[in-house]
Each structure stands twice: as C-alpha cells, then as structure tokens.
Amino acid sequence: MILTVDDIHAGYGRLEILRGVSLTVGGGQIAAIIGPNGAGKSTVLKTIFGYLRPFSGRIALHGERLDGSRPDQIMRRGIGYVAQAGGLFTEMTVHENLVMGGYSLRDRAALRRAIDAVYEGFPLFRARRRQLAGSLSGGEQRILTIARALIIEPTLLLLDEPSAALSPRFITEVYETLGRLNSQGMAMLIVEQNTGVILDAAERVFVLDMGASAFDGTPAELLADDRIRRLYLGSDAA
Amino acid sequence: MLESIVEFLILGIVLGGIYALFSTGLSLIFGVLDVINVAHGEFFAIGGYLAFAAIVLLHLPAAAGVAAGAVGAFLLGLAVYPLLIAPLKRRFGRQPQGSLFLVLTLGLSTFLQSSLLAIGGGDYLRVPPYLRGIVDLGFTGISNQRLLILAVAVLALVALFLFLYGHRQGMAIRAVAMNPDAAQAVGVNLTMIFTLAIALGTGLAGLAGALIAPLFNVYPAVGFTFTVKAFAITILGGLGNLAGALLASFLVAIVETMSVLVIPSEWQNVIAFVIMIAVLLVRPQGLLGRAPAG
C-alpha cells in the first residue's frame, strides 16, 4: 500500500466531520470514495493533503507519516491534488499555470521538459498557452488542473469530484485522461458523486456516511451488497 | 498659463512616483494577505530616518542612504508576519476577521512612531539634497533632486513588476494573491510568501521615505498623510490591484498638484478623497478592480 489512512478524526474548527475513517490505496490503483452529500468525502482528501490537520489518527505515504505536514510539504512527497473547483490561477495564462505546477522544480531544464510533456499529452493547451486560464471552459479548466498536477509526476493523485458540473463529453475526456495516467502506473484516490462513471474506473471503493466508513471493497462487492447498493446507489443501480 | 500647467504636470508626475512606491507596496500587502497595513507610513518614516543616519551621521554617499532606507525597511518588514500576524492567525483560526489585523497594524504603527520619537526625537531632521541643480526647460526648471526621485521610483517599480511576472517567487506571490489553496497545492510555502510580500511592501515604503527625505524632512509622523492618502489611492485603483494602484497614484498626484492652479492649496490634500468618492460612485470596484459577480 502506498497510502494508509488509519482511524482519522478531523473537521473544521471544533466541528468533527470525520469519525474514525480508514482507507488504503495500493500502488497504481484507482480507489474511489463515494457517499451522500455531507458525508465528509472532500474532507478526507483535504485532510490527507494537509489542508486540515487531523484531530487524531495516522496518515502515511510509503510508511512515512504525512499527518501534521503542510500541503506544500505533502506535495513534495509525491502527492498531487486536484480541487473540485477553483484550482487554477485564473488570471494567469495556461502556460503560467503549468510553470507554477513546476514551482518545486529548481532545474529549469527539467521544468521545460515536464511542460513539453504536458503539451504533448494535451495538445489543446499548447495552442492556447497564452490564453488566460479563467477564460477556458469548465471542462478545459478541469483538465488543465489535472495536467498541472502532472508536472511533478506524482505517485498518487487526489481528485475531488473531477466530473462535477461537466458535460458528458468532458466527463468522458477527463476519465479517459485519468485512465491513461493510471495505465502508466499513477495511483489515484478519487472522490466522486457520479457513481456510474467511478464504479467503472475504480478497483476499490470506500463508502463514507456521516463521517464514518460504511463500506470497503471492490465495485463488484458493492453492487452485490443489496443494503449498501440501495442506501448509496439507489435501488435501480446494478 | 501653459507653462504653469506643464510645470505642475511635471511636479505631479514626480509626486506620482512617490505615491506609486508607497501605494503599490500597500496594495501588494493587501492583495496577498488581505491585511490593511496601517503601519505602512511608519516604514516610510523609517526609510527617511535610515537615510538621515547614513548620510548625515555616518557621512555615507546619498546612494548608500537611499539603499539603507529601502533595505532597512525591508528587513524590518520581514519580522511583521512571523512575529505579529502568524500568531494572531494561529490563535484565532486560519483567517480571522480583517478588523483584528487592522487593530494589530494600528498598534504596530503606534509602537513604531513612539519608537522613532524616542530614538530620533521630535525635531524635524534635515537631509541634504542628493543632487543639486536644475534642468532648465526655459519656462521653468525641474530640480535634479525631483528627477532623481522619479527615475529611482520608476526603476524600482519596473523591477518590482519584472520580479512579479518573471521570477519564480514573484509568480508565487501573484499565485498566492489569486488562490492560496492552489498555491499550496503546487508547493508554495505560504508563510514564506506572506513574509516576503510584507517585506517587499515595507521596502518600497522605506525607499519612498528615503527618496523624499530631502523634500519633506524626517520626523516620526511624516508618513501619516501618505498612509491616509495611500488608502484612498489603493481603493481608487482597485483593492489589491497593483496596476490599479500605479494608475491611481499618478492620477491623484497630477490632479492634486495641478489643482492649486484653480483652488486654494489648503484643499490639496482633499483631492485624493474627492477623486476616490467620485470614481467609486460610478465604478465601485475602482479603476482596475474586478466588478463584483451578479
């Protein structure tokens, strides 16, 4: 396992949102967190990435503790974070956003190579490199946020509802991109409301309800569990 | 009449350079930290005092005095975030109310002014001109001192913009101002950037204070009028917008200087606020600020 989250209690101020959440992500694995609104799914990602300090519990990457570290420190350990919304520097150009994605790279040649690799993988952005990021469409912004997170070649990518507010075309494009990255060995932990698309992509699913773990297994096991399926996916899900 | 207009226009441009140094620094701090630095005028005064100490007491060259003013204010500014603002954030939460920071920097302003009074006394300290002589334009003359002020101010502002748009840490400052969470996600250390942004702001104020010391003399409250005016300029330009602060600085300075041609000079200091109110009534976000959504 590359990521271990063990009995985390966390929240905002004195308000406890996560009540003993545990999960793991294996190398090269796509793991998903699903659950009803307000379950604490995004809070899990924010706690792993250091935006929130857990009240108690343990978070480890390759066995080394992350809890208590800042986001910029965790990012340097090989974890990328893609926010649900507002993850770009909208008044910077596409190119400047990618340059900022490589902020931690001191070697300018390495940064240039990394940006060129992004342009190779996402030709759309090469053509629009001088365009303000805020003027891109919602789907393009989401893909740019993902592309920017790839500059530092993370071991693990945390994604918070990558399909939120996107058209079906862009949802497909986003998940094709994620699938391509995963085939190259990148592990992902994805919070998703769109259970239809995530259950096709994920190898492991964690269901969160009211800040506690409600299920931990494969998508097939989830779909085979009548109670869980009815509670979190609706009785029509199969 | 035309000669008077041109003369005052030139004086206004020179004054605009000083306002720009002062206000850009204030706007930078607000844009990055959402903190209104009421003590900004005291760093302006500190710049003047350091220039006085270097040039008059230590008999160093003028350039050394100006550098001392800028660097000294920058170094002092490095202490503001870690010693004052960060502890307040830790105590009250990630982003406590802006009024708390207002009171904090008001306290810092009082502390610094009292310290300057205790160390330097209340007398007006005279700093000799850095350059003597004038450039003769025929109908009027502009002192080399004023031209030097404008030249250094322009160079400093160009350097600032080159830093913000071309240097890794400058881009990080802009990134934090736009989106602190995203900045952290790409590896930016917020504490370092907050510290640097404040120090850059106070350094610009110190440079302005050192540059203008021969014209305004040096005393503890010399920065007060500038601070109050800089608030108006910063709001007029659009809070946190550096280009707006720059534009507003020259606009206010030119109108202010040229206003003496038509109104009594006693009303000169009111000009900045009249312009600010007039513009905000029509454009509440300021000259270059972003219009509110909806």
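No lab work stands behind these numbers, since they all come straight from the coordinates. Given the structure is predicted, the values throughout are model-derived calculations rather than measurements. Counting neighbours? That spans all protein chains shown, and the Cβs are built from the backbone with ideal geometry, glycine included.
So here's what we get for this one:
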read-out	value
Cα-projected label distance for A:R126 with B:N269, points at 7 Å along beta-carbon direction, nm	6.1 nm
Listed residues B:A183, B:Q113, B:S143: farthest to the positive end of the dipole of chain B (Cβ charges)	B:A183
Cα gyration tensor shape of segment A:1-78, rounded if a/c is under 1.5, else prolate or oblate by comparing a/b with b/c	oblate
For segment A:87-174, with +1 on Lys and Arg beta carbons and -1 on Asp and Glu, the positive-most of A:G139, A:A149, A:A109 along the dipole	A:A109
FRET E, pair B:L58, A:M1, Förster distance 60 Å, beta-carbon r, rounded to 0.05	0.40
Kirkwood hydrodynamic radius (C-alpha pairs) into Stokes-Einstein, the protein assembly as shown, 20 °C and 1.002 mPa s, D in µm²/s	83 µm²/s
Assigned charges on the beta-carbon of Lys, Arg, Asp, Glu; chain A dipole about Cα centre (debye)	800 debye
Overall form of segment B:191-256 per C-alpha gyration tensor (a/c, 1.5; a/b vs b/c)	oblate
Bins of 5 Å, starting at 0 and running to the largest distance - Cα pair percent for segment A:1-145	2, 9, 16, 17, 17, 15, 13, 8, 3, 0
Zone of B:Q169's modelled label, taken as backbone nitrogen in segment B:33-62 under 18 Å from a point 7 Å along Cα→Cβ	B:33
Degrees separating the helix B:98-120 axis from the principal Cα axis of chain B, which is the longest one	50 degrees
Residue-by-residue Karplus 3J(HN,Hα) for segment A:214-228, coefficients 6.51, -1.76, 1.60, Hz, glycine and proline x	10, 7, 8, x, 8, x, 4, 5, 4, 5, 7, 8, 4, 5, 5
Rounded tilt (10° steps) of B:2-33 against the dominant C-alpha axis of chain B	20 degrees
Kirkwood Rh, angstrom, segment B:53-128 [1 / mean 1/r, Cα pairs]	14.8 Å
Simple spin-label estimate for A:R77 and A:R227 in nanometres, 7 Å along Cα-Cβ	3.5 nm
Per-residue HN-Hα couplings for segment B:180-193 [Karplus 6.51, -1.76, 1.60; θ = phi - 60°; Hz; x = Gly/Pro]	x, 5, 5, 4, 4, 5, 9, x, 7, 7, 4, 4, 5, 5
Segment A:133-238: antiparallel DSSP beta bridges as a percent of all, rounded to 5	50 percent
Rounded to 5, the percent of DSSP beta bridges in the protein assembly as shown classed as antiparallel	60 percent
Charge dipole magnitude, Cβ of K and R +1, D and E -1 - chain B, Cα centre, debye nearest 20	800 debye
Leading residue at positive end of dipole, the protein assembly as shown (Cβ point charges), from B:I235, A:N37, B:A45	B:A45
In Hz, Karplus ³J(HN,Hα) per residue of segment A:158-170 (6.51, -1.76, 1.60; θ = phi - 60°; x = Gly, Pro)	9, 10, 9, 6, x, 9, 4, 6, 9, 6, x, 4, 6
Gyration tensor verdict on segment B:1-115 (Cα atoms; rounded if a/c is under 1.5, prolate if a/b is larger than b/c, oblate otherwise)	oblate
Label point 7 Å beyond Cα of B:T191 along Cβ direction - residues of segment A:15-56 with amide nitrogen under 18 Å	A:50-54
For B:L287, distant residues with modelled amide H under 5 Å away	B:G237, B:G238
Nearest-20 debye value, segment A:40-164 charge dipole, Cβ charges on Lys, Arg, Asp, Glu	200 debye
Neighbouring partner chain Cβ atoms per residue of B:38-49, average, 10 Å criterion	0
Reciprocal of mean inverse Cα separation for segment B:119-212 (Kirkwood radius, Å)	16.2 Å
For peptides B:35-48, A:172-185, sequence by mean Cβ density within 10 Å, most packed first	B:35-48, A:172-185
FRET efficiency, 1/(1 + (r/R0)^6) with R0 25 Å, evaluated for A:E64 and A:H9 via beta carbons	0.75
For A:S22, residues with placed amide H under 5 Å, excluding near neighbours	A:D7, A:I8, A:S213
Helix axis angle, B:40-52 relative to chain B longest principal axis, alpha carbon, degrees	50 degrees
Residues with amide H under 5 Å from that of A:M188, placed H, sequence gap 5 or more	A:Q29, A:I30, A:A31, A:L157
